[in-house]
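Only one structure is covered here, and it is reproduced in the block below.
Derivation of every value follows stated rules applied to the coordinates shown; laboratory data play no part. All of these numbers come straight from a predicted model, not from anything done at the bench. Quick reminder, even Gly has a Cβ in these numbers, built from the backbone with ideal geometry, and neighbours come from all protein chains shown.
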Amino acid sequence: MPTPNNPPFPAALRLFSVAVIIVLIVGAGLFFAPVLVKPRWPWAVTPFNARFLGGFYTAEMVVMAALLVWNRWSPGRLVLVMAFIFTAIVSVASFINLGYFNFERKAPWLWFLVYLASVAVSGLFLWRAKARPSAKGVILNPIWRGYMPVESAVLGLYGVGLLLFPLTFGSIWPWPIDAFHAQVYSAIFLAGAGGIYLVWRSAPREELLVLGLAQFLTGLLAILGLVITDAAVHRIDWTATGTLCWLALFGWIGISGVFKLYAASRYFSSQSAS
């Protein structure tokens, strides 16, 4: 898009994005090399929690890379809103559950430093740009206009449930999760709900693409991580109602992302043709 309609972010934000991506590479190691990363994680994680967190950090790393590549208000607005929601909720959950952290190690201090810095930086840039309108977007068809607020509401309600009633709403997970992990995972759903709502209100092509990519990777890696981990430990009851509900939830998230990617690619194609 032309610079006046979609201006670049300051160089400081690009620098910050590089730093965040470096941190996320470590988090992604929970998925690809859990044996190496788990002993260095800020708290003790089980094999299933490690792989799930690693899958999400991988998806988040790709999203942050999009901000680094485009470096413009769109899709930066979407990335920063989702990052702010996620890091703020995880920070609150971490402070509520300080007993999980051994502050005699460096990792917990780095954890809080990185997350609080992320909240501050993303919040600052969003505050300074609060009066800026979104970049010119596509006109969503009636199906998308009706579907996206429902999707946002479902993910948002489940995220609130995990945050406020973690053991109840976390009971459908295929492996046992405690209150702390349920509250951390609530941030994933609430950030997704916020991103979907933002794009529903105004859907720049880049943001639709980034949102679709984030959802596709989150759904795919969550399910793939479950399969890979269970192949080694054999703890999952694949016919249990909770497991099937969980698979349906993340399958829906991933498939919804695919459709958003398809919609974004069509808009890009039509723009190029015109």
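Miscellaneous remarks
- Local electrostatic count at Glu207 - Lys and Arg +1, Asp and Glu -1, tallied over other residues with Cβ under 11 Å: +4
- Relative contact order (%) - the range 128-274, alpha-carbon pairs under 8 angstrom, separation at least six: 27
- Unit charges on C-beta of K, R, D, E only; dipole of the range 133-274, Debye: 500
- Global form of the range 168-274, assessed from the alpha-carbon gyration tensor, a/c cut-off 1.5: prolate
- Each other residue within a Cβ distance under 14 Å of Lys260 adds +1 if Lys or Arg and -1 if Asp or Glu, for a net charge of 0.
- Helices in the chain that qualify as membrane-span-like (whole DSSP H runs, Cα extent of at least 24 Å along the helix axis, mean Kyte-Doolittle hydropathy of 1.6 or higher) are 11-32, 73-96.
- Relative contact order of the chain, defined on C-alpha pairs under 8 angstrom at six or more residues apart (%): 22
- Highest average packing first - 96-105, 14-23, 66-75, Cβ atoms within 10 Å: 66-75, 14-23, 96-105
- When each of the peptides 182-193, 166-177 is scored by how many other beta carbons lie within 10 Å of its residues on average, the order from highest to lowest is 182-193, 166-177.
- Highest GNM mean-square fluctuation among Glu60, Glu206, Glu151, for the chain modelled with Cα contacts below 10 Å: Glu151.
- Full extension of the chain between Ile25 and Leu224 yields a length gain of 69.8 nm, computed as 0.36 nm times the residue separation minus the alpha carbon distance.
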